[in-house]
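Nothing in this text is a laboratory measurement; each read-out follows from the coordinates by a stated rule. As the structure is a prediction and not an experimental result, all values here were calculated from the model. Cβ: placed from backbone, ideal geometry, glycine included. Neighbour counts: every protein chain shown.
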Number of protein chains: 2
Amino acid sequence: MEEQQVGSLHFHIDFSQPLYEQILDQARSAIAKGEIALGDKMPSVRELAQELRINPNTVMRAYQELERDGLTEKRRGQGTYVTSSPEHVASFRTALAARYIDSFMEQMESLGLAWEDIETYIRQKRDTEQGGSDL
Amino acid sequence: MEEQQVGSLHFHIDFSQPLYEQILDQARSAIAKGEIALGDKMPSVRELAQELRINPNTVMRAYQELERDGLTEKRRGQGTYVTSSPEHVASFRTALAARYIDSFMEQMESLGLAWEDIETYIRQKRDTEQGGSDL
DNA sequence: TTAAGTGTATTAGGTGATATAATACACTTA
DNA sequence: TAAGTGTATTATATCACCTAATACACTTAA
């Protein structure tokens with residue numbers, strides 16, 4: 001239940017998943033949602049590691065994946081920066097959304113649920129929607 | 001890429017995920033979709049382990065979870081049987097679907113995508129639907 | 001009673017992913 | 001030159017996962 005604000009980024013780290021994966025997911029999300037602006041400087045590897053009280057190598061691993069995603073650029077000796085290209089962010093969102101959706105549809109198919117069933121569930125959830133997440 | 005038919009159950013096992021998880025998922029799916037009938041006998045722990053060429057303990061782990069799901073009943077000395085209760089299967093489907101949907105909606109939210117965006121993606125995918133999964 | 005087939009439990013060991021620790025190197029900027 | 005960057009390496013520790021071997025309790029049928 002660690003809650004940390006580092007620059008314009010916000011992290012909540014626990015031990016339910018690999019640390020590098022949580023950093024990766026939350027940094028991806030922040031960039032995709034524009035919570036950190038295009039071209040902005042990311043926290044340095046060492047700084048983020050110190051703030052989150054984890055090993056620099058672990059942060060490194062997440063940062064390398066961010067660059068592979070096209071969401072950041074690294075400048076040796078200077079630091080890691082959010083990409084300045086809106087197209088890169090857009091295509092990343094599209095690609096990841098497609099992956100999520102495919103995986104989700106497979107899960108639904110494995111339960112024998114059709115698209116119409118899903119819509120019904122979601123509408124029900126929307127109607128009952130008053131903060132009640134009871135599972 | 002192992003493909004195995006064991007009784008009325010079909011398994012495809014690889015090393016991309018934990019073995020017990022694949023067995024669990026595929027058995028759940030078979031029961032949820034009625035590919036194996038209510039009350040039917042499941043393959044014995046030893047038989048399934050032998051067919052899939054994996055350790056009996058690994059099958060055991062999956063079978064224990066199936067019972068916790070309410071999808072199977074074990075009769076000591078006799079074997080493992082699919083539950084005879086359609087209600088158990090139905091409530092399992094509902095619960096798991098809810099979990100999947102919640103998780104999916106969180107993923108979409110992390111990308112800053114609203115429900116309308118998702119519908120658009122899905123409709124696009126449906127229109128372009130001719131086996132083309134290009135990722 | 002016996003034998004074969006069930007689920008279950010225990011103990012031991014191996015492998016790989018994850019994370020830490022310590023250290024060093026190359027590059028950039030002030 | 002010094003401080004701050006990303007990067008690489010080596011060693012170690014822990015845990016999840018899987019295997020292996022063995023034993024026990026129960027049920028059914030011969």
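Data for the structure
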quantity: Tilt relative to chain A, helix A:115-127 - C-alpha long axis, 0 to 90 degrees, to 10; calculated: 80 degrees
quantity: Between 0 and 90°, nearest 10: helix A:86-110 axis offset from chain A longest Cα axis; calculated: 40 degrees
quantity: Nearest-ten-degree value, helix B:56-68 long axis tilted from longest Cα axis of chain B; calculated: 70 degrees
quantity: Length gained when the stretch residue A:106-residue A:12 is fully extended (0.36 nm per residue, less Cα-Cα span); calculated: 30.9 nm
quantity: The range B:11-103: chymotrypsin sites (Phe, Trp or Tyr not before Pro) falling in loop per DSSP and having at most 16 other Cβ within 10 Å; calculated: B:15
quantity: Cα-Cα separations in chain A greater than 26 Å, expressed as whole percent; calculated: 38 percent
quantity: Per-copy distances of the residue B:114 label point, shortest first, in nm (7 angstrom along Cα→Cβ); calculated: 2.9
quantity: Alpha-carbon spread of the protein assembly as shown, three principal axes, descending order, Å; calculated: 67, 39, 39
quantity: 7 Å along Cα→Cβ, label-point gaps from residue B:103 to other copies, nm, shortest first; calculated: 0.8
quantity: Ellipticity estimate at 222 nm from DSSP helix runs (n ≥ 4, -39,500 (n - 2.57)) divided over chain A, nearest 500; calculated: -17500 deg cm²/dmol
quantity: Highest-fluctuation residue, B:36, B:118, B:23 considered, GNM on chain B with Cα pairs under 10 Å; calculated: B:118
quantity: Nearest residue to the symmetry axis between B and A, taken on chain B by its Cβ, in whole Å; calculated: B:104, 2
quantity: Alpha-carbon spread of the range A:87-127, three principal axes, descending order, Å; calculated: 35, 26, 11
quantity: Sparse-neighbour loop sites [trypsin sites (Lys or Arg not before Pro); the range A:4-70; at most 12 other C-beta within 10 Å; DSSP]; calculated: A:53
